[in-house]
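Structure first, then comments.
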Amino acid sequence: MRVRNMILGSIAAASLLGAGAAAAQAANEQFFPLLSYRTGAYAPNGTPWANGKQDYLKMINARDGGINGVKLTWEECETGYATDRGVECYERLKGRQGVTLFDPQSTGITFALTDKAHTDKIPLLTLGYGLSVSQDGMAFRYNFPLMGSYWTGADALVQHIGKKEGGLDKLKGKKIALVYHDSPFGKEPIPLLQERARMHGFDLSLIPVTAPGVEQKAAWLQVRQQRPDYVMLWGWGIMNSTALKEAQATGYPREKMYGVWWAGAEPDVKDVGAGAKGYNALALNPAGTNFKVIQDIVKHVHDKGQGTGPKDEVGDVLYTRGVIIQMLGVEAVRRAQERFGKGKVMTPEQVRWGLENLALDQKKLDSLGFSGVMRPLSTSCADHMGSTWVRVHTWDGAKWNMGNDWYQADEQIIKPMVKAGAEKYVQDKKLQMRDAKDCQS
């Protein structure tokens, strides 16, 4: 029984790798390669994300017996958030029997894998990150930036700040600084912010921070000199807590700081505590243990001593985001089975079809235990994002408090930018846009 449980993935992370590798070779098992980073400067953020993904897979096996009888297996591959290591993990795991999709967990790795995924016909699920233009499924057949991109996030922040000022027209003459991780991740929102600055007349200042972001004194000296009305923080890992500490030392008001959704979790603020009070960040999902899916994970995984990480992190912001991401991967397989064969292992190409035909209405989300965790999401051949809903939450010194206002990206701004970017990508890569017939394949 112990060996069987290992094969089903119901063991601690330390014993997972060998068991997952062996299990992936079984004939009737759906294999999920899990790129992760539990080491290095980004480990405090990458670890709960990875734990949520693993625990959801364990729960589906334990509670449901897999997906219509198909057991789920997985193997983690440590990237350290490094692009070259991420590519190595992809190359090593892409040929496994029953491989499903890849969640690179890094915009840099996503950039490096986009062409490879197209050639290999393996989908990339990049929830809330990756290439902003890849929401255009007619150009990016294998990229799925579900629930939002850095363009939609930046747009929502501008809308929120405009609302606080009494209207977007009140942004004229204001100063907004973007303190960003000097990487593909941090640079992604810049085109959208430049467009919004042109539209509304605010002054946009770009302040890069060298990765991993441990040293930021020069950046915050610029903030002190420029005295912006607002600071947007596009950070990850240790960069976020360091930025908040520097803002405190500089005397910049935290209530004037707004982070992307990767700069708004417990690891970003817990070491700063009261010093981060008033800090705001985008929220793709809430935190807490009152949601049914989280309670099911506790019941079927952690209460049986099979949790991947500590029980007290279950329900935290990034843990829950990992759960959401893995649910979307599982539901893509389930959707594909509806067309290609219930109870069968799906190929990556079939999972790709499932990802672009998701139909998660409120009734479906309720049945999955995600009521209150996320809003309905549906995708199509042309729309590989499916939703741009987001809120803003605020740190009160001890916990995150969710705002009431929901924001969606302004399609009149986003769509022309996406269309132009997608057309340029296709032209540069000497590819062709998909046609209507291809959307049925």
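Values for this structure:
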read-out: Where labels lie 7 Å past Cα in the beta-carbon direction, separation of Gln412 and Asp271 in nm; value: 4.4
read-out: Added length on full extension, which subtracts the Cα-Cα distance from 0.36 nm per residue, Ser371 to Gln295; value: 26.1 nm
read-out: Long-range amide H partners of Gly130 with built H, under 5 Å; value: Thr107
read-out: Debye intensity ratio in log₁₀ form over the Cα atoms of region 96-164, taken at each q of 0.13, 0.25 Å⁻¹; value: -0.40, -1.05
read-out: Members of Lys94/Lys270; Lys53/Lys121; Lys299/Lys342; Lys344/Lys437; Lys94/Lys311 lying beyond 29 Å, as alpha-carbon distances in this model show; value: Lys94/Lys270; Lys94/Lys311
read-out: Surface per residue (accessible, 1.4 Å probe) for region 236-386, Å²; value: 34
read-out: Quotient of C-alpha Rg and 2.2 N^0.38 Å, computed over region 117-263; value: 1.10
read-out: Fraction of accessible area attributable to carbon and sulfur, region 64-188 (%, probe 1.4 Å); value: 49
read-out: Against the rule of thumb 2.2 N^0.38 Å, how large the Cα Rg of region 317-441 comes out; value: 1.28
read-out: Probe 1.4 Å, accessible area per residue of region 138-186, Å²; value: 29
read-out: DSSP beta bridge pairing in the chain, given as percent antiparallel to the nearest 5; value: 30
read-out: Solvent-accessible area, 1.4 Å probe, carbon plus sulfur percent, for region 303-399; value: 48
read-out: Accessible area of Leu35 in the full protein assembly, 1.4 Å probe (Å², nearest 10); value: 0
read-out: Inter-label distance, nm, simple model (7 Å from Cα along the C-beta direction), Lys164/Ser378; value: 3.5
read-out: With DNA, RNA and ligands ignored, accessible area of Asp428 (1.4 Å probe; Å², nearest 10); value: 90
read-out: Total formal charge among the other residues, if their Cβ is under 11 angstrom from that of Lys415, Lys/Arg +1 and Asp/Glu -1; value: -3
read-out: Full-stretch length increase - Glu338, Gln222 - with 0.36 nm per residue and alpha-carbon distance subtracted; value: 36.2 nm
read-out: Surface/4 estimate of mean projected area, convex hull on alpha-carbon atoms of the chain, nm²; value: 19.5
read-out: Rounded to 10°, Cα long-axis angle of helix 317-340 versus longest principal axis of the chain; value: 50
read-out: Acute angle (nearest 10 degrees) that the helix 83-93 long axis makes with the longest principal axis of the chain, alpha-carbon atoms; value: 10
read-out: Rounded to the nearest 10 Å², the accessible area of Ile109 at probe 1.4 Å; value: 0
read-out: ³J(HN,Hα) computed for each position of region 262-275 - Karplus, 6.51 cos²θ - 1.76 cosθ + 1.60, integer Hz, glycine/proline x; value: 8, 10, x, 10, 4, x, 6, 10, 5, 7, 8, x, 5, x
read-out: Inter-probe distance in nm under a simple model that places probes 7 Å from Cα toward Cβ, at Val214 and Ala249; value: 1.4
read-out: Peptide ranges 45-57, 182-194, 217-229 listed from the most packed, as the mean C-beta count within 10 angstrom indicates; value: 45-57, 182-194, 217-229
read-out: Helix 190-200 axis, angle to the chain major axis (alpha carbon atoms, nearest 10°); value: 40
read-out: Debye log10 I(q)/I(0) for region 19-151, one point scatterer per Cα, at q = 0.15, 0.21 Å⁻¹; value: -0.73, -1.32
read-out: For Leu35, residues with placed amide H under 5 Å, excluding near neighbours; value: Cys77, Asp103
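The values are calculated or read from the model by the stated rules, or taken from the named source; none is laboratory data. None of the values given here were measured: they were computed from a predicted structure. Cβ coordinates were reconstructed from backbone atoms using ideal geometry, including for glycine residues, and neighbour counts include every protein chain displayed. The area values use the complete protein model at the heavy-atom level, side chains included, leaving out ligands, DNA and RNA. Shrake-Rupley method; radii C 1.70, N 1.55, O 1.52, S 1.80 Å.
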